[in-house]
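**Q** Just passing along the structure, written as structure tokens.
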Amino acid sequence: MTWLLKAVTGVWLLQLAWRFKRALAVSAVAVFAIAAYGWAGLVLLVVGPPLLALLWRWVHPWSYWRFVGWLVARHRLRTTYGLRWAEVMQSCGLHRPIPGRPGEFTTPRLVRVTDSPVGDVLHVRLLTGQEPGDFERQAAELAHALGAPAVRVTSAGPGLVELTLVERDVLADAVELHDVEAVTDLRAVRFAVGEDGSWRTRDYANIAAEVGGGVPGSGKTAGETSLACGLIQNPAVQYVVIDGKGGEDWSWIAPRAAAYTNEDEDLDVVLELVESVHRLMRARLKTQKTQRGRANFWDLPLDPAHPAVFLVVDEVQTFTDQKGMDKDTKAVAATITARLSALVKKGRSAGVITRLLTQKPTSDAIPTAIRDNASVRTAWRVLSDDAAEAILGPVVRGSAVTPVDIPVSMPGVAVVADAGGQLERVRFPYVDEHTAEQIATRTAELRRDLADLTGPVPAEDATADESASEQEATA
Ligand SMILES: Nc1ncnc2c1ncn2[C@@H]1O[C@H](COP(=O)(O)OP(=O)(O)OP(=O)(O)O)[C@@H](O)[C@H]1O
């Protein structure tokens, strides 16, 4: 009966036209061009758009490729993924039967497809009652059903999930930098590339300390080097480097460092440097409010006269692990550890950022109290779950992301835990020593001696101010 009604009213014709709307639109434009301008109009119609596209690409390649990406993504949404979506959802058990309609089911909705350096990203709206974990559990099935080597599931807000079809492991390729951009904003410092191919940043206003560890050759020093190369170009940053390996890994920074030592046997030399930085921190905590108006360093504008100080202690176990030390050396090591612990706890609001690196990630090398106060933790390749835990904390136990799996052939790849406790794999960029040396030499005039930064310890009457600032620091 319905077909008769459609035939009589002409609705069938409209439905047919709608079905072939694109072909009809193209034909209409072609007929119009011929009618208005003859065959020249048709030639213009055929040659014009490609020429315009070429011109667009030449004038504004960024917007052109963005548009092409959008077109390709739309095409994939409708064909590659859209046509099989219901079948994929059903075969992975992510569909839901519709009550009262046997045999019928509903599926999460594929909203959008975008591309990323690793592969396509499918943006999906969940069904009521579903959560990203439902997709995570089915990640392997989804990968097979969608024909991708792996699928990464990330929550993208309430009711939304993103499925990244990982076609390429972007972390497999080294990120070599032949020069490093100066860091101008310490609240967004690029430090490594994530699995989606985009840069990860850190907000140093919220970081008092970082701990990092990994087996020899895993890329700790190189990772720190690339970070330092950007930071030392900022006049409001000073570096203090203590290299417990006793080698020349950090000698490149000597012309630019406020203080540098590679002393690995005479712990008194190291203690003196650590004490200097500790004194600077205390002096700032005591006087910052009275002299500069704010108790928190990061509430003040960055000023080369009051620089942020990065204290790097590479192979920190040389100074903190007391095993095998004689009695006197043990006492010095204990003081160094206590000072580092204080810097880790209170350094943030004094603008002092402490970074401790070790190839021996144990609680003897990095005491748990220090690790637990370090909001940023980085584990390059390690050999055991215990070592991973000594750096990243208990969160790594049972996590799918672990530094124990990192292949030897991928130095510079690490697992990082951010302030929110989330673990992810990243690759640090690589800057060779000569490039680093050149950057340090060309910025040598920005160097200020640590002794000049450390003012005299203020009088005792500032105690009240200190306790106020210290309370804020540890808050
Ligand atoms: N991000 C990276 N990308 C590519 N190669 C890297 C990267 N990081 C390090 N490497 C390679 O690995 C080598 C060892 O790196 P690095 O010296 O940083 O290791 P390490 O963990 O500090 O070792 P050690 O504990 O012995 O000092 C480098 O010389 C370099 O060849």
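The values are calculated or read from the model by the stated rules, or taken from the named source; none is laboratory data. Remember, it's a predicted structure, so these values are computed and weren't measured experimentally. For neighbour counting, all protein chains shown are included, and Cβ atoms are generated from backbone atoms with ideal geometry for every residue, glycine included. Keep in mind that these areas ignore ligands, DNA and RNA; they rest on the heavy atoms of the full protein, side chains included. Shrake-Rupley method; radii C 1.70, N 1.55, O 1.52, S 1.80 Å.
**Q** Determine the percent antiparallel among the DSSP beta bridges restricted to the chain, to the nearest 5.
**A** Close to 60 percent.
**Q** Would you calculate, for the chain, the mean residue ellipticity at 222 nm contributed by helices, counting each DSSP H stretch of 4 or more residues as -39,500 (n - 2.57) and dividing by all residues, to the nearest 500?
**A** So the helix-based figure for the chain works out to -12000 deg cm²/dmol.
**Q** To the nearest 10 degrees, how steeply does helix 433-442 sit against the main Cα axis of the chain, on a 0 to 90 scale?
**A** 70
**Q** Can you bin the stretch 1-113 into rounded, prolate or oblate? Criterion: square roots of the alpha carbon gyration tensor eigenvalues sorted a ≥ b ≥ c, rounded for a/c under 1.5, prolate for a/b above b/c, oblate for the rest.
**A** oblate
**Q** Of THR107, GLY82, GLN138, which is farthest along the charge dipole of the stretch 60-166 in the positive direction, counting Lys and Arg as +1 and Asp and Glu as -1 at C-beta?
**A** GLY82
**Q** At each listed q (0.10, 0.13, 0.16 Å⁻¹), what is the log10 of I(q)/I(0) that the Debye formula gives for the stretch 172-474 modelled as equal alpha-carbon point scatterers?
**A** Taking Cα atoms of the stretch 172-474 as identical point scatterers yields -0.51, -0.89, -1.37.
**Q** From the residues VAL415, VAL211, ALA236, which one has its Cα farthest along the dipole of the chain in the positive direction, the dipole being from +1 and -1 charges on Cβ of Lys/Arg and Asp/Glu about the Cα centre?
**A** VAL415
**Q** Same structure, new question: Quote the charge dipole size of the chain about the Cα centre in Debye, to the nearest 20; the model charges only the Cβ of Lys and Arg (+1) and of Asp and Glu (-1).
**A** With Lys and Arg at +1 and Asp and Glu at -1, about 3120 debye.
**Q** Give me, ordered by chain and number, the residues 5 or more places off GLU315 or on other chains with an amide H under 5 Å from its own placed amide H.
**A** Answer set, sorted by chain and number: GLY244, LEU357, THR358, GLN359.
**Q** About its Cα centre, what dipole magnitude does the stretch 60-166 give when the only charges are +1 on Lys and Arg Cβ and -1 on Asp and Glu Cβ, stated in debye to the nearest 20?
**A** Roughly 360 debye, rounded to the nearest 20.
**Q** On to the next question. Pull out the extension gain between ASP405 and SER27, defined as 0.36 nm times the separation in residues minus the alpha carbon to alpha carbon distance; nm, one decimal.
**A** 130.2 nm
**Q** Picking from GLN438, PHE32, TRP298, whose Cα lies most toward the positive end of the charge dipole for the chain (charges on Cβ: Lys, Arg +1; Asp, Glu -1)?
**A** Of the candidates, PHE32 comes out farthest on the positive side.
**Q** Just the number, please: Stokes-Einstein D of the stretch 238-308 in µm²/s, Kirkwood Rh from C-alpha pairs, 37 °C, 0.692 mPa s.
**A** Calculated translational D: 239 µm²/s.
**Q** Relative to the longest principal Cα axis of the chain, at what angle does helix 220-231 sit, 0 to 90 degrees, rounded to 10?
**A** 80
**Q** What ³J(HN,Hα) values, in whole Hz, does the Karplus curve 6.51 cos²θ - 1.76 cosθ + 1.60 give for the stretch 190-205 when θ = phi - 60°, with x put for Gly and Pro?
**A** 5, 10, 6, 9, x, 5, 8, x, 9, 6, 9, 10, 10, 9, 6, 5
**Q** For the chain, what % of the accessible area comes from carbon and sulfur atoms, probe 1.4 Å?
**A** Carbon with sulfur: 57 percent of the solvent-accessible area.
**Q** If you don't mind, another one. Would you mind working out the accessible area per residue for the chain, using a 1.4 Å probe, and quoting it in Å²?
**A** That works out to 51 Å² per residue.
**Q** Please label the shape of the stretch 60-166 as rounded, prolate or oblate, based on the square roots a ≥ b ≥ c of the eigenvalues of the alpha-carbon gyration tensor (a/c under 1.5 means rounded; beyond that, a/b larger than b/c means prolate, else oblate).
**A** Verdict is prolate for the stretch 60-166.
**Q** How many nm is it between the label spots at ASP115 and GLU433, if each spot is 7 Å from the Cα in line with the beta carbon?
**A** Those two pseudo-labels are separated by 4.1 nm.
**Q** May I ask for the angle, rounded to the nearest 10°, between helix 39-59 and the longest principal axis of the chain, with both axes built from Cα atoms and the value confined to 0 to 90°?
**A** The angle comes out near 10 degrees.
**Q** Find, among the GluC sites (Glu not before Pro) in the stretch 262-337, those assigned to loop by DSSP (not H, G, I, E, B) with at most 13 other beta-carbon atoms within 10 angstrom.
**A** Sites meeting the loop and neighbour criteria: GLU265.
**Q** Now a separate question. Determine the shape class of the stretch 124-207: with a ≥ b ≥ c the square roots of the Cα gyration tensor eigenvalues, call it rounded for a/c under 1.5, and otherwise prolate if a/b is greater than b/c, oblate otherwise.
**A** oblate
**Q** Further, regarding this structure: Could you work out the relative contact order of the chain? I mean the mean sequence separation of Cα pairs under 8 Å and 6+ apart, divided by the number of residues, in percent.
**A** The normalised contact order for the chain reaches 16 percent.
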